[in-house]
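S.K.: Quick one: the structure is below, questions incoming.
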Amino acid sequence: MSASLRPAIVSPGGTLEKLEAAVRFGADEVYFGGKTHNLRSQSGNLSLEEIDRACAFCRERGVKTIFLLNSFLHEKDIDGARACIDEVRSFPFDAYMVSDPGMLVLLRECGVETPVHLSTQMSTLNRLAARFWERQGVSRIVLAREVTLEEIRSIREHTEAELEVFVHGALCVSYSGRCLLSRFLSGRDANAGSCAHPCRWRYALVEEKRPGHHLEIIEHARGTEILSSKDLCLIERLPEYIKAGVDAFKIEGRMKSLYYAANVTRVYRQAVEVAASGGDYGAHLPRWMEELELLSHRPYTADLWNEFEGMKFEGVPYIRSALFLGYSLGQGRDGTEVRVKTHNPVRTGETIEAIYPPDGNAPGGGFFRVLEINEDEKSVAMAQPGRVYLFKLDKAVRPDAVFRKRADIEMERDEC
Ligand code: SF4
């Protein structure tokens, strides 16, 4: 397989800054939504001005844009969806992503000829369904997460449509994300993009005559996460999926951090490059796995379908082995000075780690000592989160670096 025919890496663009980081770190395609009609209404999403900037940024770099119109429509939503299409149709997206067939109908009624991808939410699991969607004009099908490798091979033989699968990120315990738990417990509808993730909450038992007396459910030392699933990680099995004929690998995580989007993207980009060019995949795998362990995650599983068969109730605590510190906005007076937008505190004198966009097959980067931190030309002892500082480092760093600090922390709750 030539490098140009390798599967695409499709990365999340939850915000404009995350989208740009994913592109710099190797995404072939990015998916993102506007303020309405996509399934991540809590992830930030892009304003019309940001959509315009995202399209221009991606075009300049030869990266494709997939715009999400993947919420399910009630009768009352149809006019709003039509208005949304009218609002965004002039942007040069490479594809739209839909879940609801009604949205596909609306796009065509509005005269939009842009290719349409079908979301995993439609649970495509077999060749008959794939051919049905192909006949409806869908050019790419994001298969259900529940599909097996064997089923992918069979579907591949029977359809010309491109096939995309999720390779990394959070899973739902519900079937293809169809779940009413969040709506029932918090009023936030998962099928409208507002899931509050109650499956990740900790639960206790209460006996009806003793309200307020919580009986702990003990699954492991820290309590229980009885409803929570592991995270998907297919890096070890990627070559099998490439051989099965998958055209695109999707990374979940529009609500995760910029560091997450950048690092997962670069690891999978390197992995598909090596696999598709016949390189020594096994030799690189430990290094890629190490990088994926340095992301906030729950314990990984390589196979959703078999996960539940082998489940041993060991719990799925949230693991964070590295802290996202910030990212470079560019160089200062020389290579040792870098302007950093911070995400967590950084102190003068501490050692931080930089990761770099893919360049070759090994994740690049290095460790740096922070010699000085300046804000508005004034030296400070500590950089606060969410601001821009000038860092003076002990040696030159790349101007497109993302910074982290290694740690060994088990998180109480999701945090990216
Ligand atoms: S509550 Fe959990 S299982 Fe249900 S949709 Fe949300 S993330 Fe998925």
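The values are calculated or read from the model by the stated rules, or taken from the named source; none is laboratory data. Every value quoted in this text rests on a predicted model; they were computed, and no experiment measured them. Neighbour counts are summed over all protein chains in view; Cβ atoms, including those assigned to glycine, are modelled from backbone coordinates with ideal geometry. For accessibility, only protein heavy atoms count, side chains too; no ligands or nucleic acids. Shrake-Rupley method; radii C 1.70, N 1.55, O 1.52, S 1.80 Å.
S.K.: How about segment 373-408: which chymotrypsin sites (Phe, Trp or Tyr not before Pro) there are in a DSSP loop, with at most 15 other Cβ atoms within 10 Å of their Cβ?
M.R.: Numbers: sites: TYR389, PHE391, PHE403; in loops: none.
Here no loop site has a sparse enough neighbourhood.
S.K.: May I pose another question? Would you mind checking which residues have amide H under 5 Å from MET97's amide H? H placed 1.01 Å from N; only 5 or more apart, or other chain.
M.R.: The list, which skips near neighbours in sequence, is PHE67, LEU68, LEU69, HIS117.
S.K.: Here's something else I'd like to know. When the accessible area of segment 319-408 is split by element with a 1.4 Å probe, what percent falls to carbon and sulfur?
M.R.: Carbon with sulfur: 48 percent of the solvent-accessible area.
S.K.: Follow-up question, since we're still on this one. Karplus couplings for segment 328-334 from phi (6.51 cos²θ - 1.76 cosθ + 1.60, θ = phi - 60°), rounded to Hz, Gly and Pro as x?
M.R.: 6, 9, x, 7, x, 5, 8
S.K.: Which lysines, on any chain, are close to LYS341 with Cα under 22 Å apart, when same-chain ones fewer than 8 places away are left out?
M.R.: LYS18, LYS256, LYS378, LYS392, LYS395, LYS405
S.K.: Which shape class, rounded, prolate or oblate, goes with segment 319-408 when its Cα gyration tensor gives a ≥ b ≥ c as root eigenvalues, a/c under 1.5 marks rounded, and past that a/b bigger than b/c marks prolate?
M.R.: Working: a/c = 1.81, a/b = 1.24, b/c = 1.46.
Cα axes put segment 319-408 in the oblate bin.
S.K.: Using the Cα centre as the reference, give the magnitude of the dipole from point charges on the C-beta atoms of the chain (Lys, Arg: +1; Asp, Glu: -1; all else neutral), rounded to the nearest 20 debye. Walk me through the numbers on the way to the answer.
M.R.: On the way: 54 positive and 61 negative charges, 86 e Å.
In total the dipole reaches around 420 debye.
S.K.: Which semi-axes, in whole Å and largest first, does the equivalent ellipsoid of the chain have when worked out from the alpha carbon gyration tensor as the square roots of 5 times its eigenvalues? If you can, show how the numbers build up before the last one.
M.R.: Working: eigenvalues 222, 156, 109 Å².
They are 33, 28, 23 Å, listed largest first.
S.K.: Lysines near LYS76 by alpha-carbon distance under 18 Å, same-chain residues fewer than 8 away left out - which ones?
M.R.: Partners within reach: LYS35.
S.K.: For the chain, with a Gaussian network of springs between Cα atoms less than 10 Å apart, report the residue from GLU236, GLU208, GLU337 with the top mean-square fluctuation.
M.R.: Ranking GLU236, GLU208, GLU337 by mean-square fluctuation puts GLU208 first.
S.K.: Expressed as a whole number of Å, what is the distance separating the alpha-carbon centroids of segment 341-396 and segment 90-142?
M.R.: Here the two parts' Cα centres lie 43 Å apart.
S.K.: Only four residue types carry charge here, +1 at the Cβ of Lys and Arg and -1 at the Cβ of Asp and Glu. Report the dipole size of segment 60-187 about the Cα centre in Debye, rounded to the nearest 20.
M.R.: Details: 15 positive and 18 negative charges, 51 e Å.
Once rounded to the nearest 20, the dipole reads 240 debye.
S.K.: Something else: So in the chain, what percent of DSSP beta bridges are antiparallel if you round to the nearest 5? Could you put the intermediate results ahead of the total?
M.R.: Working: 43 of 73 bridges.
Just about 60 percent of them are antiparallel.
S.K.: Still on this structure: Can you show me the helix-derived [θ] at 222 nm for the chain, built from DSSP H runs with n ≥ 4 at -39,500 (n - 2.57) apiece and divided by the number of residues, rounded to the nearest 500. If you can, show how the numbers build up before the last one.
M.R.: Numbers: 11 runs with 109 residues, N = 416.
That calculation yields -7500 deg cm²/dmol at 222 nm.
S.K.: Still on this structure, please answer the following. Return one whole number: the accessible area per residue of the chain in Å², for a 1.4 Å probe. Numbers along the way, then the final one.
M.R.: On the way: 18510 Å² over 416 residues.
Here the per-residue accessible area is 44 Å².
S.K.: Here's another thing I want to ask about it. Counting alpha carbon pairs within less than 8 Å and at least 6 residues apart, what relative contact order, in whole percent, applies to segment 106-197? Mind dumping the intermediate values first?
M.R.: Working: 113 pairs, mean separation 21.8, N = 92.
In percent, rounded to a whole number, it is 24.
S.K.: Counting other Cβ atoms within 10 Å of each Cβ, which GluC sites (Glu not before Pro) in segment 42-121 have at most 13 and sit in a DSSP loop? If you can, show how the numbers build up before the last one.
M.R.: On the way: sites: GLU49, GLU50, GLU60, GLU75, GLU87, GLU109, GLU113; in loops: GLU113.
Answer by residue number: GLU113.
S.K.: Still on this model: Would you work out if segment 74-114 is rounded, prolate or oblate? Take a ≥ b ≥ c from the square roots of the eigenvalues of the alpha-carbon gyration tensor; rounded if a/c is under 1.5, else prolate when a/b is larger than b/c, oblate otherwise.
M.R.: prolate
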